[in-house]
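Q: Let me begin by handing over the structure; questions about it come next.
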């Protein structure tokens with residue numbers, strides 16, 4: 001049994017995790033601990049507060065008790081808002097507090113894009129324009145070329161959590177460009193685990209979504225590779241070799 005730990009802010013799309021657990025197989029457990037979201041707002045000040053070290057540290061004891069082998073801060077905006085170096089400091093502090101390998105959803109996107117050989121990407125963000133731009137900056141700092149950024153302008157995670165497949169597909173279509181090798185949907189408040197096959201079929205290319213890459217990153221930290229095609233190209237058996 002491989003136990004994976006996730007610190008998830010508030011309550012929006014956490015039901016993606018039991019869905020992914022079912023698709024990953026019986027020897028993998030996804031343990032979710034909810035952190036204090038503070039102010040539910042995609043604003044820089046609120047996001048910095050949401051990702052503060054003391055908020056994350058408050059949840060690691062429960063994950064240790066559950067036997068987690070790795071921990072991922074399951075929040076994209078609450079990690080990239082710190083910038084590339086600040087986000088590294090955030091996960092280093094989390095790893096020290098947890099006593100296990102740690103990462104965040106923002107780094108998961110960079111690592112996942114590299115895994116599938118996608119150097120040129122398009123971003124379909126639920127966030128307001130300024131926050132979506134910070135995510136694009138983070139991806140560029142990680143060596144990715146961002147071809148287009150579309151934003152839905154949604155301020156709260158609560159509203160994002162109400163979106164269904166139709167809204168998710170529409171946003172992804174708006175962001176996609178012919179030269180993009182993958183489309184990225186960066187919000188762990190967005191339900192996407194059930195929509196990955198439809199997204200990839202609609203766009204004809206890999207799609208990376210926040211909760212999907214978060215689960216994959218937790219596995220990566222434990223040196224596990226799982227074949228789960230229902231979770232998209234990222235979870236196919238063999239990685240695409242980047243040249």
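Where a number appears in this text, it was derived from the coordinates with a stated rule and is not lab data. Just so we're clear, the structure is a prediction, and the values are computed from it rather than from any experiment. Reconstructed Cβ throughout: ideal geometry from the backbone, glycine too, with neighbour counts over all protein chains shown.
Q: Under the rule a/c < 1.5 gives rounded, and otherwise a/b versus b/c splits prolate from oblate, where does region 164-230 land using the Cα gyration tensor?
A: prolate
Q: Hey, another quick one. Evaluated at 4 °C with a viscosity of 1.567 mPa s, what Stokes-Einstein diffusion coefficient in µm²/s does region 1-87 have when Rh comes from the Kirkwood expression over alpha-carbon pairs?
A: Once the numbers are plugged in, D ends up at 95 µm²/s.
Q: Jot down the radius of gyration and Dmax of region 89-140, Cα atoms only, both in angstrom.
A: 13.2, 36
Q: When the Kirkwood hydrodynamic radius is evaluated over all pairs of different C-alpha atoms of region 123-203, what value in angstrom, to one decimal, is obtained?
A: Working: mean 1/r = 0.0778 Å⁻¹.
Result for region 123-203 stands at 12.8 Å.
Q: Order these by the 10 Å Cβ neighbour count, fewest first: 176, 45.
A: 45, 176
Q: From the Cα gyration tensor of region 28-135, with a ≥ b ≥ c the square roots of its eigenvalues, which class applies: rounded if a/c is under 1.5, or else prolate if a/b is larger than b/c, or else oblate? Please report the intermediate quantities before stating the final value.
A: Numbers: a/c = 1.93, a/b = 1.27, b/c = 1.52.
Judged from the Cα gyration tensor, region 28-135 comes out oblate (a/c at least 1.5, b/c at or above a/b).
Q: Nearest 500 deg cm²/dmol is fine: what mean residue ellipticity at 222 nm does the chain get from its DSSP H runs of n ≥ 4 alone, each adding -39,500 (n - 2.57), divided by its residue count? Please report the intermediate quantities before stating the final value.
A: Values: 11 runs with 108 residues, N = 243.
My calculation for the chain gives -13000 deg cm²/dmol from helical runs alone.
Q: Still on this model: Go ahead and run the numbers for FRET between residue 89 and residue 145, Cβ-Cβ distance against an R0 of 30 Å, rounding to 0.05.
A: E between residue 89 and residue 145, to the nearest 0.05, is 0.75.
Q: Would you indicate which of (i) 12.0; (ii) 12.7; (iii) 11.0 is the value of mean projected area of the Cα convex hull in nm² derived from the coordinates of this structure?
A: (iii)
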